[in-house]
Amino acid sequence: MSEKACRNCRLIVNTNLCPECKTASSSEEWVGEAIILDPKNSLIAKSMGITKPGRYALRVR
Ligand SMILES: [Zn+2]
């Protein structure tokens, strides 16, 4: 099963329902991957608006 990314928060998930934002809108068409370990000290996390650690897609279609 391929991984998907949430269209709302860009978290990489393998279900349709995102466990983080509870949005049932995930896409198989995403590119790039950012592993955020420490959102408070990550420029990537800040620019993406991420507040929780996890794996995120850089772009979701
Ligand atoms: Zn989400």
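The values are calculated or read from the model by the stated rules, or taken from the named source; none is laboratory data. Predicted, not measured: the structure shown is a model, and the values here were computed from it. When we count neighbours, we look across all protein chains shown, and the Cβ atoms used for this are built from the backbone with ideal geometry, even at glycine. Ligands, DNA and RNA are stripped out before the accessible areas are found, and what is left, the full protein with its side chains, is counted by its heavy atoms. Shrake-Rupley method; radii C 1.70, N 1.55, O 1.52, S 1.80 Å.
Structural remarks
- Computed with a 1.4 Å probe on the full set of protein chains, the accessible area for residue 27 sits at about 10 Å².
- Pairs of lysines in the chain whose Cα atoms sit within less than 19 Å of one another amount to 4, provided the residues are eight or more positions apart or on different chains.
- Largest-first ordering by accessible area, 1.4 Å probe, given options 15, 23, 51: 51, 15, 23
- If the convex hull is drawn through the Cα atoms of the chain, its volume per residue in Å³: 69
- Our helix-only sum for the chain, with -39,500 (n - 2.57) per DSSP H run of n ≥ 4 divided by its residues, gives a mean residue ellipticity at 222 nm of -2000 deg cm²/dmol.
- Label zone (residue 3, point 7 Å along Cα-to-C-beta; backbone nitrogen cut-off 16 Å) within the stretch 41-61: 53-61.
- Heavy atoms of residue 44 accessible to a 1.4 Å probe, total area in Å² rounded to 10: 90
- Sequence of 37, 17 when ordered by accessible area, the most exposed leading, probe 1.4 angstrom: 37, 17
- Percent carbon-and-sulfur accessible area, the chain, ignoring ligands, DNA and RNA, probe 1.4 Å: 52
- Against the criterion of solvent-accessible heavy-atom surface with a 1.4 angstrom probe, 40, 4, 22 sort, most first, into 40, 22, 4.
- Computed accessible area, residue 33, all protein chains, 1.4 angstrom probe, square angstrom: 90
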